[in-house]
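Visitor: The structure that follows is given in the form of structure tokens.
The values are calculated or read from the model by the stated rules, or taken from the named source; none is laboratory data. If you're wondering where the values come from, they're calculated on a predicted model, not measured in any experiment. Note that we place each Cβ from the backbone using ideal geometry, even for glycine, and neighbour counts take in every protein chain shown. Each accessible area value is taken on the protein alone, full model and side chains, heavy atoms only, with ligands, DNA and RNA left out. Shrake-Rupley method; radii C 1.70, N 1.55, O 1.52, S 1.80 Å.
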Amino acid sequence: MLTVDVISFSYKKGYPSPAEGNGGGFVFDCRFLHNPGRYEQYKTLTGKDPEVIDFLQSDSNIDNALSSFWEIIDEAVAVYKSRDFTSLQVAFGCTGGQHRSVYAAEATARHILDKFPDVGVNLIHREQDK
């Protein structure tokens, strides 16, 4: 069975380690999106909090970006499944690994599970899970 590791991370702390197995995957840079971390009311929150979610959905183009990212991810998942690969890594980075990348990873994990119910998903928030 294919398992997709979906990771959020901070570029300040470096790229995530490569996936096991075939070592394939993608890194998507979320730093071009409007950063809620620049505003005091969001500094202690993460991309899982409703206030940050509302900000990202209304004040950035994150959903358009995710649609583009998902075109690539969906194609890769389909091909990896057909080739009996067992692992794929999809990582989302932003400045602090707290807002934009967390939102993107959460949304992507749900997307993969909805579209590919026979694929396993590990959701990892590298900076938040410490």
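Visitor: Would you calculate a helix-derived [θ] at 222 nm for the chain, using -39,500 (n - 2.57) for each DSSP H run of n ≥ 4 and dividing by the full residue count, to the nearest 500? Intermediate results must be reported in sequence, preceding the final value.
Guide: Values: 3 runs with 47 residues, N = 130.
Computed ellipticity for the chain at 222 nm equals -12000 deg cm²/dmol.
Visitor: How many lysine pairs does the chain hold where the Cα atoms are under 28 Å apart and the two sit 8 or more places apart or on different chains?
Guide: So the count works out to 10.
Visitor: Now a separate question. Count neighbours as other Cβ atoms within 10 Å of each site's Cβ, and list the trypsin sites (Lys or Arg not before Pro) in region 58-100 that are DSSP loop with at most 16 such neighbours.
Guide: On the way: sites: Lys81, Arg83, Arg100; in loops: Arg83.
Sites meeting the loop and neighbour criteria: Arg83.
Visitor: When the dipole is taken about the Cα centre of the chain, and only Lys, Arg (+1) and Asp, Glu (-1) are charged at their Cβ, what size is it in debye, to the nearest 20?
Guide: Details: 13 positive and 18 negative charges, 87 e Å.
Computed about the Cα centre, the dipole is about 420 debye.
Visitor: List the residue ranges in the chain for DSSP H helices whose C-alpha atoms run 24 angstrom or more along the long axis and whose Kyte-Doolittle average is 0.0 or above.
Guide: 62-82
Visitor: How much accessible surface does Glu106 have with a 1.4 Å probe, in Å² rounded to 10?
Guide: 40
Visitor: A further question on this structure: If I stretch the segment between Leu113 and Arg31 completely, what's the gain in nm (0.36 nm per residue apart, minus their alpha carbon distance), one decimal? Each step should come with its number before you reach the end.
Guide: On the way: separation 82, 0.36 × 82 = 29.52 nm, distance 2.52 nm.
Using 0.36 nm per residue and subtracting the Cα-Cα distance, I get 27.0 nm.
Visitor: Moving on to the next point. Determine the relative contact order of the chain: mean sequence separation of Cα pairs under 8 Å and six or more apart, normalised by residue count, in whole percent. Before the final figure, lay out the partial values.
Guide: Numbers: 234 pairs, mean separation 64.1, N = 130.
For the chain, the relative contact order is 49 percent.
Visitor: Looking at the square roots a ≥ b ≥ c of the eigenvalues of the Cα gyration tensor of the chain, which shape do they give, rounded for a/c under 1.5, prolate if a/b is larger than b/c, or oblate? Let's see the in-between values first.
Guide: Details: a/c = 2.22, a/b = 1.70, b/c = 1.30.
Taking the square roots of the gyration eigenvalues as a ≥ b ≥ c, the chain is prolate.
Visitor: With each pseudo-label sitting 7 Å past Cα toward Cβ, what's the Asn64-Lys48 distance in nm, one decimal?
Guide: 3.0
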